[in-house]
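Student: Quick one: structure below, then a few questions.
FYI, it's all coordinate maths here, none of it is from the lab. No experiment lies behind these values; they were computed from the predicted model shown. Note that each Cβ is placed from the backbone with ideal geometry, even for glycine, and that neighbours are counted across all protein chains shown.
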Amino acid sequence: MSGSEIQAGEAALQFARGEMPVLVSIEEEFASSRPLAGARIAGCLHLTKETGVLIELLHACGADIAWTGGDEVSTQDEIAAALRGRGIAIYGKRGMTTDEVEAEIGATFAHHEGGPTIIIDNGARLIKMAIEAPEACPALVFATEKTTEGCAELREISHADPLRLPVFLVNDVTTKWEVDNTYGTGQSTIDGIIRATGKLLAGKAFLVCGYGHVGRGVAMRAAGQGARVMVCCRTAATAIRATLDGFQVLPLEDAIARADILCTATGRPDIVRAEHLALAKDGITLANTGHSVTEIDVTALERVARDTTDLTGLIRRYTMADGRKIHLLGRGGLINLAAATGNPSEVMDVTFANQALSVLQAAARPSLSPGIYEVSEEQDESVAIRKLIAMNVRCDARMPEAGGMA
């Protein structure tokens, strides 16, 4: 941990704070009373400068924190260095193997003597550890989960066997879906693909696998760059939506033969499999922006390729037996974090505001019953109002004056 790395991290955090007025306002509102004093937080969430601002807020409110980025490519080492310099326990680094990622998640979970009292999760990795080994965290009060697929998995778990801890799902609200997933990830994904490849998107056949909020955002931004966008959908409802949004909907086996660029955005594993790779267009570029790093079956790709070449640190070329070339970006990890810097700070300002308010409000409730908790419409509206005030935008709804946050 060098001084220059800490300095770079501090500068990045300072810049992000300037772009995240809602989160800063929440810190100013709560920090003096230190409502998280005594709390032991275990966090598993991409360690970007924006996450660093959230960690600063939690730390200022009194929490003792252990944190990991939770995947192979998203940790920004300068941010980790700056936070470690403040006495916050950070596990992991950029460029880890999958096994190393799992080890660092386990170390984060086990960091505090007596286990964590609060879990802040991204993909339910820590929460599932708590469910499987409750004796390791006997003082756990509640947890939060912020991803679409993590929330869906926890709902499935709770239907099969009632949860033994309170879990707040902070994904399924308008401010998260629209601001973060659609506009934030849509932009940062295209940013990552262009940074990694330098490709001109105008005129390219661009295939998006999945048409949830993220897939829709990627399709919109690719079309805005002049790409000819195709979409593969898992359900008829999303296929209708994509069609009415003006995109061509095709089965994956048909679309991949036409695509110059393919981007997965489903959050589910094994979307692009060996049978699809056999049909891929020569020269295709594969990228992933879904939560799962296994959306593209890289193991199958390596198995069927006759040769592999690293063209850059972000582009690996696979040559097939028939001479076709397939280019994989960022080892199949999240391209907006592997090649770019993730979602814009202004976007994460909204997402993390809901995260922070959920943690602070739950911590103020002495005894929560086990089960699933949703973010209220009132909180969602409050976050939207805070953001509009920060943007100096007014709508027809009654809003407070700019001098005071809602």
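Student: Rounded to the nearest Å, what's the spacing between the alpha carbon centres of the range 153-180 and the range 297-340? Just the number, please.
Tutor: Rounded to whole Å, the Cα centres lie 34 Å apart.
Student: Now for a different question. So what's the projected area for the range 1-126, the Cα convex hull averaged over all directions, in nm²?
Tutor: 7.4 nm²
Student: Mind pulling up the Rg/Rh value for the range 90-244? Radius of gyration and Kirkwood radius, both on Cα.
Tutor: That ratio equals 1.06.
Student: Another question about this same structure. Kirkwood Rh and Cα-based Rg: tell me the resulting Rg over Rh for the range 303-375, rounded to two decimals.
Tutor: 1.33
Student: Largest first and in whole Å, what are the equivalent-ellipsoid semi-axes of the range 105-162 based on the Cα gyration tensor, each being the root of 5 times an eigenvalue?
Tutor: Computed over the range 105-162, the values are 19, 13, 9 Å.
Student: Going highest first, how would you order 183-189, 49-55, 230-236 by mean Cβ packing within 10 Å?
Tutor: By packing density, highest mean first, the sequence is 49-55, 183-189, 230-236.
Student: How much length is gained if the chain between residue 245 and residue 15 is pulled fully straight, taking 0.36 nm per residue apart and subtracting their Cα-Cα distance, in nm to one decimal?
Tutor: Full extension of this stretch gives 79.2 nm more.
Student: Additional query: If contacts are Cα pairs under 8 angstrom and at least 6 residues apart, what is the relative contact order of the chain in percent? Don't skip to the answer; put the middle values down first.
Tutor: Working: 841 pairs, mean separation 66.1, N = 406.
Once normalised by length, the contact order is 16 percent.
Student: Let me check I've understood the local charge: for residue 174, count other residues with C-beta under 12 angstrom from its C-beta, Lys and Arg +1, Asp and Glu -1. What total comes out? Walk me through the numbers on the way to the answer.
Tutor: Details: positive: 176, 387; negative: 172, 178, 180, 377, 380, 381.
So the surrounding residues net to -4.
Student: State log₁₀ I(q)/I(0) for the chain at q = 0.08, 0.12, 0.14 Å⁻¹ as given by the Debye formula over alpha-carbon point scatterers of equal weight, solvent excluded.
Tutor: Computed log10 I(q)/I(0) values: -0.43, -0.97, -1.28.
Student: Could you tell me what percent of the DSSP beta bridges with both partners in the chain are antiparallel, to the nearest 5? Mind dumping the intermediate values first?
Tutor: Details: 10 of 52 bridges.
Bridges in the chain are about 20 percent antiparallel.
Student: Moving on. Quick check for you: which residues of the range 322-339 have the amide N under 19 Å from the point 7 Å beyond the Cα of residue 309 toward its beta carbon?
Tutor: Answer for this model: 322-331.
Student: Taking a quarter of the surface of the Cα convex hull of the range 266-340, what do you get in nm²?
Tutor: Over all viewing directions, the range 266-340 projects a mean Cα-hull area of 4.5 nm².
Student: Taking just the alpha-carbon atoms of the range 282-406, what radius of gyration and Dmax come out, in angstrom?
Tutor: Cα only, the range 282-406: 22.8, 66 Å (Rg, Dmax).
Student: Sticking with this one: What percent does the relative contact order of the range 150-261 come to when contacts are Cα pairs within less than 8 Å and at least six residues apart?
Tutor: It comes to 23 percent, rounded to a whole number.
Student: Using the Cβ atoms and a cut-off under 13 Å, what net charge is assigned to the surroundings of residue 242, where Lys and Arg are +1 and Asp and Glu are -1?
Tutor: Net charge in that neighbourhood comes out at +2.
Student: Determine, for each peptide in 170-181, 213-224, the mean count of other beta carbons within 10 angstrom over its residues, then list the peptides with the highest first.
Tutor: Packing proxy ranking, top to bottom: 213-224, 170-181.
Student: Continuing with this model, one more query. Between residue 139 and residue 258, what is 0.36 nm times their sequence separation minus the Cα-Cα distance? Round to one decimal in nm.
Tutor: That pair, residue 139 and residue 258, stretches by 37.4 nm at full extension.
Student: What are the equivalent ellipsoid semi-axes of the range 187-255, built from the alpha-carbon gyration tensor (square roots of five times its eigenvalues), in whole angstrom, biggest first?
Tutor: In descending order the semi-axes read 20, 12, 10 Å.
Student: Tell me which lysines have Cα within less than 16 Å of residue 387's Cα, excluding those fewer than 8 residues away on the same chain?
Tutor: Residue 387 reaches 176.
Student: So which of 93/204; 199/281; 146/199; 146/325 end up more than 26 Å apart, counting from Cα to Cα?
Tutor: Correct reply: 93/204; 146/199; 146/325.
Student: If you don't mind, another one. Can you give the three extents of the C-alpha atoms in the range 229-306 along their principal axes, from longest to shortest, in whole Å?
Tutor: 41, 25, 17
Student: If I stretch the segment between residue 274 and residue 174 completely, what's the gain in nm (0.36 nm per residue apart, minus their alpha carbon distance), one decimal? Working shown, then result.
Tutor: On the way: separation 100, 0.36 × 100 = 36.00 nm, distance 3.65 nm.
Roughly 32.4 nm would be gained on extension.
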